[in-house]
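Q: Mind looking over this structure? Questions follow.
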Amino acid sequence: MAYYSMYYMVLALLFKTGIKCENHSGAMILLEHLYGIDSSQLATAKRERIDRQYYVDFAITAEDVRDSIEEAEAFCADLLDFMEHLHQGEISCLREEDVRLPEGPDE
């Protein structure tokens, strides 16, 4: 759940600037390339969520849970602060910006 709170905050940022994204990895790429925000915490939280949701050979402690929640809270607070400081002019520029993402190996 900590991961999803982070992911939905990223979606809120995207929606605020008029961008719709239905792909978790795509949202992380946009966070980095469009907004210049490091998505490594989000990527780590996603990996941990997948491991804990789909695999049974792991152990989780109350401390692990607290750490995940604290990281999610800090990430969400930083994004909320970023969103609150966006001005309409910046939002307009973000909507119009032509983002050139790095091409993958097959492209």
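Q: Evaluate the following for I60: is it open to solvent by 30 Å² or more (accessible area, probe 1.4 Å) and assigned to a loop (DSSP other than H, G, I, E, B)? Break it down into steps so the answer makes sense when it comes.
A: Working: open to solvent by 30 Å² or more (accessible area, probe 1.4 Å): yes; assigned to a loop (DSSP other than H, G, I, E, B): yes.
When the stated conditions are applied, I60 passes them.
Q: Hey, can you tell me all the residues within the stretch 28-37 that are modelled with pLDDT of 90 or more, surrounded by fewer than 19 Cβ atoms within 10 Å (Cβ to Cβ) and outside any loop (DSSP other than H, G, I, E, B)?
A: I29, E32
Q: Here is a follow-up. Where residues in the stretch 38-51 are over 30 Å from E90 (Cβ atoms) and loosely packed, with under 15 Cβ neighbours inside 10 Å, which of them is nearest to the chain's Cα centre (by Cα)?
A: R47
Q: While we're looking at this one, here's another question. Just give me the residues in the stretch 6-21 being out of contact with any Leu (no Cβ under 9 Å at 6 or more places or on another chain) and either open to solvent by 50 Å² or more (accessible area, probe 1.4 Å) or of a type in the set (D, E, K, R) (or both), in sequence order.
A: Answer for the stretch 6-21, where residues must be out of contact with any Leu (no Cβ under 9 Å at 6 or more places or on another chain) and either open to solvent by 50 Å² or more (accessible area, probe 1.4 Å) or of a type in the set (D, E, K, R) (or both): Y8, F15.
Q: What number goes with the only condition from (1) more than 15 Å from the chain's Cα centre (by Cα); (2) in a helix (DSSP H, G or I) that S68 does not pass?
A: (1)
The values are calculated or read from the model by the stated rules, or taken from the named source; none is laboratory data. It should be emphasised that the depicted structure is a prediction, and the values quoted were computed from it without experimental measurement. Quick reminder, even Gly has a Cβ in these numbers, built from the backbone with ideal geometry, and neighbours come from all protein chains shown. Accessible surface areas use protein heavy atoms only, side chains included; no ligands, DNA or RNA. Shrake-Rupley method; radii C 1.70, N 1.55, O 1.52, S 1.80 Å.
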